[in-house]
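Notes follow once the structure below has been shown.
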Amino acid sequence: MSNPKKTNKLYSRPIPDPDILTAKEFWEGTKNNKLILPFCNDCQKSFFYPRIICPFTGCHSKDLSWKESTGKGHLYTFAIQHVAIDGWKEKIPFVTAFIDTTENVRMLSVLINVDASKPESIKIGSSVQVKFEKATEQIYVPYWEIVTNE
Ligand SMILES: [Zn+2]
């Protein structure tokens, strides 16, 4: 078992420890620049985070698969983080955000390439696109970026 707080010189923040029982496909996808989300074959909805049972009320099916996301969505809301632990300390201030993907999946993530010292420059509802940052040879971490020039 690896240590989830393990870091390296390339990527100073905590490196996710992939749960191969429920999230192997997710991490295989990020490694290939794809956002692969859990999908319920019964209610036909994607969701996040990966788990062994559909989270939607009235469904709770265990008939799950995986479906590639468009990797696009919009910024639902955000917050500027001024306090952090581990390698995130080097990144403060940074922006955490709830992203609504085009599949109507709400993901908590980090918004990159924005000026956290000017929150007024970040517009709720902005179009966003997923990006993947290499943490190790095996782990690529998804972040989101505002799409400009649309
Ligand atoms: Zn379902």
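The numbers here are math on the coordinates, done by the rules we state, and not lab data. What you see is a predicted model, and the numbers here were worked out from it, not measured in a lab. Ideal geometry is used to build each Cβ from the backbone, glycine not excepted, and the neighbour counts take in all protein chains shown.
Side notes on the structure shown:
- Candidate lysines for bridging to residue 118, where Cα separation is under 16 Å - those fewer than 8 sequence places away on the same chain excluded: 91
- Residue-wise HN-Hα couplings along the stretch 40-49, as the Karplus relation 6.51 cos²θ - 1.76 cosθ + 1.60 with θ = phi - 60° gives them from phi, are 8, 6, 7, 8, 6, 10, 7, 8, 8, 8 Hz; Gly and Pro carry x.
- Residue 33-residue 90 FRET efficiency (beta carbon distance; Förster radius 22 Å; 0.05 resolution): 0.30
- Counting beta carbons within 10 Å around each of 147, 105 and listing the fewest first gives the order 147, 105.
- Residues with amide H under 5 Å from that of residue 122, placed H, sequence gap 5 or more: none
- For residue 113 and residue 79, the difference between the fully extended length at 0.36 nm per residue and the C-alpha to C-alpha distance is 10.8 nm.
- Per residue, the average separation of C-alpha pairs within less than 8 Å and at least 6 apart gives the stretch 24-146 a relative contact order of 23 percent.
- Sites listed here are trypsin sites (Lys or Arg not before Pro) in the stretch 59-103 whose DSSP assignment is loop and whose Cβ has at most 12 other Cβ atoms within 10 Å: 62.
- Sequence-distant lysines (8 or more away, or on other chains) whose Cα lies within less than 25 Å of residue 62: 24, 34, 45
- For residue 95, distant residues with modelled amide H under 5 Å away: 81, 111
- Neighbours of residue 35 by Cβ distance under 12 Å: Lys/Arg scored +1, Asp/Glu scored -1, total +1.
- Using Cβ point charges alone (K and R +1, D and E -1), the dipole size of the stretch 24-146 about the Cα centre works out to roughly 60 debye.
- Bins of 5 Å from zero: percent of alpha-carbon pairs in the chain: 2, 9, 17, 20, 20, 17, 10, 5, 1, 0
- Residue of 84, 97, 116 that the Gaussian network model of the chain assigns the largest fluctuation, springs spanning Cα pairs under 10 Å: 84
- 136, 102, 30 arranged by Cβ crowding within 10 Å, fewest neighbours leading: 102, 136, 30
- In order along the stretch 11-25, the phi-based Karplus estimate (6.51 cos²θ - 1.76 cosθ + 1.60, θ = phi - 60°) of 3J(HN,Hα) comes to 9, 8, 7, x, 9, x, 9, x, 7, 6, 6, 10, 9, 4, 5 Hz; Gly and Pro are listed as x.
- Residue order, fewest to most surrounding Cβ atoms within 10 angstrom, among 74, 82: 82, 74
- 22 Å Cα-Cα reach of residue 31 towards lysines, excluding residues that sit fewer than 8 places from it in its own chain: 5, 6, 9, 67, 72, 131, 134
- Taking amide hydrogens as placed 1.01 Å from N in the peptide plane, the amide H of residue 46 sits under 5 Å from those of 40, each at least 5 positions away in sequence or on another chain.
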